[in-house]
1. Tell me, how many Å apart are the Cα centres for the stretch A:140-155 and for the stretch B:40-93?
2. If I take every Cα pair under 8 Å that is 6 or more residues apart in the stretch A:125-345, average their sequence separation and divide by the length, what percent do I get for the relative contact order?
3. In chain A, if the dipole is taken from +1 on Lys/Arg beta carbons and -1 on Asp/Glu beta carbons about the Cα centre, which of A:Pro561, A:Val413, A:Pro850 is farthest to the positive end?
4. Among A:Ala422, A:Leu747, A:Ala148, whose Cα sits farthest toward the positive end of the charge dipole of the protein assembly as shown (+1 at Cβ of Lys/Arg, -1 at Cβ of Asp/Glu, about the Cα centre)?
5. Which percent of Cα-Cα pairs in the stretch A:125-345 sits in each 5 Å bin, short to long?
6. Label point 7 Å out from A:His223 along Cα-to-Cβ: which residues of the stretch A:422-451 have amide N under 12 Å?
7. Around A:Val735, under 14 Å between beta carbons, what's the net of Lys plus Arg minus Asp minus Glu among the other residues?
8. Which order do A:Thr717, A:Thr677, A:Thr553, A:Thr97 fall in if you start with the one that has the fewest other Cβ atoms within 10 Å?
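What follows is calculated from the coordinates using simple rules that are stated; it is not laboratory data. Not measured: the values here are computed from a predicted model. Every residue, glycine among them, receives a Cβ derived from its backbone with ideal geometry; neighbour counts consider all protein chains shown.
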Amino acid sequence: MVKRLMALLRGEELDRGLNAEVRFHIEMETEKNIKLGLSPADARLKALRSFGPMEKHKEETREARGVSWFENLIADLKFGARALFKHPGYALLAVLTLGLGIGANTAIFSVINGVLLKPLPYEHGDRLVVLQQSRPLSGQPNVGVAIAEYFDYRERAKDVFDGLVEYHQMNFDLINRGEPDRVNTGVVSHNFFDLLGIKPIIGRTFVQSDDVKGAEAVLLLSHTYWRTKFGGDPNIVGQVFEMNDRPHRVIGVLPNVPHYPQENDVYMPVLACPFRAASEGQIARNRRAFSALSVFGRVKEGTAPEQAASAVESICHTFTEDNKQIYRPETSGFRATTVPVRDALTSGAREMLLILLGITGLILLIACANVANLTLARMLGRDRELAMRAALGAGRGRLIRQLLTESTLLAVVGGAIGVAFAALTIGMLTTFVGRFTSRTGEIDLDPMVLVFTLGISVFTGLLFGTLPALGSRVDLVSALKQGGGQAGSGAGRKRMQGALIVAQVAVSVMLLVGAGLLLASFYRLQRVETGYRSEGVLSAQIFGNFSRYPNITELKKLYLPVIDRLQAQPGVNAVAITNAVPLGGGAPGTTRFEIEGRAVDDPERRPTTDVRVASPQYFAAIGVPVVAGRVFNDLDNEESQRVVVINKSMTKYWEGTDPIGSKIRPVGQGIPEDWYTVVGIVGDVRQFGLARETVAQLYLPLRQSPFGLAGQVLVRTAGDPTSFANLLRTTIYSVDPNQPVENVRTLDDLRSEALAAPRLTATLLGIFAALALLVTLAGIGGVIATSVQQRTKEFGLRMALGARRDGVLMMVVRQGLTLVVIGLVIGVIGALAAGRVLSSYLYQTAPRDPIIFIAVAAVFVVAGVVACLIPARRATTVDPLIALRAE
Amino acid sequence: MAKLDLLQGTLDLLILKTLALGAQHGWGISQRIQQISENVLRVNQGSLYPALQRLDTAGYIDSEWGASENNRQARFYRLTKKGERQLKEETAQWERMTVAVQRILETEA
């Protein structure tokens, strides 16, 4: 094979060699003959004669080199290009259709490649795993790892891991040249970056001595933070910043690699985190102290991932058995396992991407079918040409190869257009997938994607080239005898065209049903009753840094004056502080609680609730209706009776009795054992997602809250809330000039953000389905048009014999509609079977929603009639006399 | 005696056998075949070259340019390891076939 290729590349050189070799042979033979006594002329003649037919031998030698197929290919390509240039309309339509189909696939594949296929951009990324703990029996799929647990794993799993490292994220204020800057801080083991194989671009990463008590506090900067905040200052290493009331020295800058599990501005070793350091002292008394860690490990070379997972499982089993009163394994099912980091990172996007790939694959099939149909129609006019070539000695195989070369040529040009199309859309797609996975930084049209595109282009070319070739058994005699226009309208070809239309309709129906379902779901989601009024409300986060506001008592010195001063601003209707804004992200908390008189002994079986902290005007500010009793007022303070408000969903735990007046208490680590009286019931709020059913929620008054909280300010304004943003900031600065104000957003924005993913999904599929519909209708129209053209004479005859115009019209439309209906039936069956894959993306919409199916069918019948009518009208405008004279 | 036409496929075997004696250029191969077969076999000299190219593509022989006995540029062919194996195999096959044919011919009618 290599020799053949080399021969191709060095064809001319080899020819020169062959000529020289033959010349040498003839000369030698001539000399021999001269020695035998012949005259030089005779000697040469005899030599030539005994050599035999020279050109034939040379040609055979060249063929033995394997060049001929290549030369044939070049000839086919030249011929194909000429043929296509002669029919620019056909070529353009085909290339554009294919470009769209291939482009959609290229774009989706580039995303799949970047998200699912590429190895993680870390050394040994394929061996990185994340440790996951859960309590499946008490409904907690994800439980953070505590320090003591991490130490257990680290000590006991040394034979399966190269190392285990911990990670958690904190928000600290970094005083950067006088201005407070709230930074996302990754708190990591000293060997975190070594384990991931990340080398700094400046300075160094952490070493063991950075992570001991009393060590100098050091920081690593992320590439992005270094570029945006310090302008890529090359002298950054050694600079000192104030953080948590201590000086921190920068020791290095990380390269521009995607961060996992979250993006961070800076990194610090674990003991530099005041919370983590303080908690480590408590682990002797409290095994679950600081259960907020993520733990990663690199599996040893040659160790199977399952081995690592089972080692972790058994270590977890041991410590839960040793501490039964803490873990209660029988009722919690507390367990641990490991998952490859790459899977954990992309699990949210995998299904969506595969669905999209399936959809674009279907689009490509439609494009293929359409171009195959175009090609079939065009072959009507080529029958004479093909027959002529066959008569001149081209074999059937040779003719098919010519057709395939042309179709592949078209497909490859289509592929090039597809790559351009993909390059244009890839940015939008990346934003889209970013809603399902954080791993989008490596999406690119890289060589792997281009190879894929080339592959599907060639495959596409062969596919749509083969179909017409099969349908066209060239009948030499009849093709040559007939005139060019009407040659060879064979039944085989018609059947093939019909089958292609049916297939296109079927696939388009499936896509349209999918798009319809998503749109219906989106419509319902958009109108879902959220339980609060988002319009006119501005939100912002003011999280007092722990160094200045170490506990709730201190935090209230920030929060309460902020409420008062904002309230005094003109145009403000209501102000509140809470711990999380609706649809602001996050998952519901699962704090266990106890109702007085309904005690449950096993703590694992106690009901759970999501605890919110709310200042008095919270419910008024976001318009949550009061169902019964009262909400908080200014009299619910530190000294007064402890009170709570619950939501409607929580009342189920009272089993029909009135909760108001009864007492409950949240239970758990660090929660004071106070009893709270239920004073009111409020409506349910879709706090964690529009499609997410409301969970039981419990509201504590801000002034009685035992917990600290990252304060979220909510301001309901009379006018446009965005115009209030500046006043909000200055008012907060008037209380504390060093307090960062973050995430200033309106609740409307948050809500629209929550709709972004389903909106994009529905839009994307809607565009694809519309494309499919358009291409299919064009296909139907095209087929009917050619058929009308072929039957001009017949129509003329019919009308001459008295057929009415609308009778002819009906005949043509019926022909097209039959195909549409067959395709429709197949498509509906396909959609019924395949609808399930969409079910997790649908909100209150059944995958077999009859209304959608009926609507799609109606659209297709109407569109099909229109697509047939346009060419069919031509049939009826035929002047019988002209039609009959046409031959 | 009339010269014999070469049986289909035997040319390759003869070339390999000739080259087993040492590297040689095209003309030399044709001379050697004629000499050894004592001018009984008639080889169309030109048909040697497609055969050489076939054997080269198959990897049985190799070639390089060098100086001929009268100091002219000539392309020399030589047997490769793969070619040696092929020669052995084809020789054995040839022998089996001639024995078989011989037996059929010797059978009394």
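1. Between the Cα centres of the stretch A:140-155 and the stretch B:40-93 lies a distance of 74 Å.
2. Reported relative contact order: 36 percent.
3. Checking the options against the dipole of chain A, the answer is A:Val413.
4. A:Ala422
5. 1, 7, 14, 18, 18, 15, 12, 8, 5, 2, 1, 0
6. A:441-442
7. Computed value for this residue: +2.
8. Arranged by neighbour count, lowest to highest, A:Thr717, A:Thr677, A:Thr553, A:Thr97 become A:Thr553, A:Thr677, A:Thr717, A:Thr97.
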